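The structure appears below as structure tokens.
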Amino acid sequence: MSTQQPVLEVRDLSVSFVRRSLIPSRRQISYVVDSIDLTVHRGRTLGLVGESGSGKSTTAKAIVRLAPARSGSVKLNGVDLLSLRGEELKQARRRVQMVFQDPYSSLDPTMTVAECIAEPLEVHRIGARAKRRDAVLDLLEQVGLPVSMADLMPSQLSGGQRQRVAIARAICLHPDLVLCDEPVSALDVSTQNRILQMLADLRGTHGISFVLISHNLAAVQQLADEVAVMYCGTIVERGPARNVTGLPKHPYTQALVAAVPYPDPEVQRMRERVVLSGDPANPANRPTGCVFQSRCPQVLPVCRTKAPVLTDDGSGRSVACHLYQPIVG
């Protein structure tokens with residue numbers, strides 16, 4: 001474990017939305033993210049995985065202040081972003097950037113590639129115009145694109161090229177942390193691998209820390225040092241990537257790992273299949289007890305009445321499951 005101050009410390013973060021009603025007693029608070037903790041150290045990558053609707057993207061947006069947090073703290077290099085306002089918040093945002101899922105809508109179609117990448121430099125008034133142009137050309141080379149693309153429009157690029165432009169824009173301010181929200185889900189497999197390898201190279205070259213958000217454990221395995229598994233707005237398992245993906249403990253993590261196809265057909269046929277029944281839990285109407293109880297193939301009676309606590313097993317792995325916690329009483 002690193003003794004340096006983490007780049008990112010998220011503590012007890014909750015994000016909720018209120019279902020409005022003319023009758024006050026019928027107004028309902030839905031916790032999309034419920035009291036989660038995350039830590040990312042310098043030059044490391046945290047994989048945040050889970051199905052669609054588990055709260056991953058909302059967590060990322062809350063970290064960068066694009067979604068309102070109901071409670072908790074988000075510390076970047078020891079400074080709580082949730083407490084900042086005005087110019088202080090603007091300056092802090094230089095240290096944390098985000099790459100969005102859709103490379104087709106995340107770039108302004110009326111701007112050239114060079115203008116898209118240089119926009120953060122202009123917003124923060126960094127460098128003269130000529131220097132910005134030089135910086136843009138250098139960034140294009142860093143993300144593996146020819147400088148001749150600088151004057152093209154986003155519509156003239158492929159999906160993979162657009163995502164590289166979005167990544168170049170994210171790193172142009174030399175941030176400490178980049179949150180990548182499903183950065184390769186819209187791309188073909190070969191392009192996915194190239195983008196992930198590029199992120200790994202940027203991490204090694206610039207020492208950038210990443211949060212890689214994905215429903216695809218195969219993509220996370222390629223880049224992440226640690227993995228946190230989300231379900232219905234909560235963390236159900238967290239630990240070193242090799243441990244979590246190689247020997248998952250929580251039944252939900254086991255199902256995610258089992259869903260990743262293995263390249264060897266013989267091995268794939270021999271693998272144990274994990275089948276989940278039932279519907280995902282509704283954040284607006286959370287069940288009493290474990291949020292995974294309606295789909296868990298190993299559900300216990302205690303799961304119906306008592307929510308499990310995320311508990312460290314002593315090896316750096318934390319699991320929120322009654323299968324690994326002593327039942328008292």
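The values are calculated or read from the model by the stated rules, or taken from the named source; none is laboratory data. Fair warning: this is a prediction, and the values are worked out from it, not measured in the lab. Quick reminder, even Gly has a Cβ in these numbers, built from the backbone with ideal geometry, and neighbours come from all protein chains shown.
Values for this structure:
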item: Tally of residues being at pLDDT 80 or above, over 27 Å from residue 251 (Cα atoms) and surrounded by fewer than 17 Cβ atoms within 10 Å (Cβ to Cβ) across segment 18-44; result: 1
item: Verdict on residue 236 being assigned to a strand (DSSP E or B), out of contact with any Asp or Glu (no Cβ under 9 Å at 6 or more places or on another chain) and crowded, with 24+ Cβ neighbours inside 10 Å; result: yes
item: Residue in segment 262-273 that is surrounded by fewer than 17 Cβ atoms within 10 Å (Cβ to Cβ), β-branched (Val, Ile, Thr), more than 24 Å from residue 323 (Cβ to Cβ) and in contact (Cβ under 8 Å) with a residue 60 or more places away in the chain present; result: no
item: Flag if residue 253 is out of contact with any strand residue (DSSP E or B) (no Cβ under 6 Å at 6 or more places or on another chain), under 21 Å from residue 232 (Cβ atoms) and free of Cβ contacts under 8 Å to residues at least 40 places away in the same chain; result: no
item: Failed criterion for residue 252 (all others in (1) buried (at least 21 other Cβ atoms within 10 Å of the Cβ); (2) in contact with a helix residue (DSSP H, G or I) (Cβ under 7 Å, 6 or more places away or on another chain) hold); result: (2)
item: Failed item, numbered, when residue 308 is tested on (1) in contact with a helix residue (DSSP H, G or I) (Cβ under 8 Å, 6 or more places away or on another chain); (2) exposed (fewer than 13 other Cβ atoms within 10 Å of the Cβ); result: (2)
item: Subset tally (residues that are assigned to a loop (DSSP other than H, G, I, E, B) and either at pLDDT below 75 or among the aromatic types (Phe, Trp, Tyr) (or both)) for segment 275-300; result: 2
item: Any chance residue 260 is more than 25 Å from residue 308 (Cα to Cα), modelled with pLDDT under 75 and aliphatic (A, V, I, L, M); result: no
item: Residue pairs meeting the criteria (Cβ under 6 Å; at least 6 apart or on separate chains; first at positive phi, in segment 287-299; second surrounded by 18 or more Cβ atoms within 10 Å (Cβ to Cβ)); result: 289/303
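Conditions (1) assigned to a loop (DSSP other than H, G, I, E, B); (2) out of contact with any strand residue (DSSP E or B) (no Cβ under 6 Å at 6 or more places or on another chain); (3) crowded, with 23+ Cβ neighbours inside 10 Å, marked per residue:
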| position | (1), (2), (3) |
| --- | --- |
| 175 | yes, no, no |
| 178 | no, no, yes |
| 194 | no, yes, no |
| 202 | no, yes, no |
| 205 | no, yes, no |
| 222 | no, yes, no |
| 227 | no, no, yes |
| 242 | no, yes, no |
| 248 | yes, yes, yes |
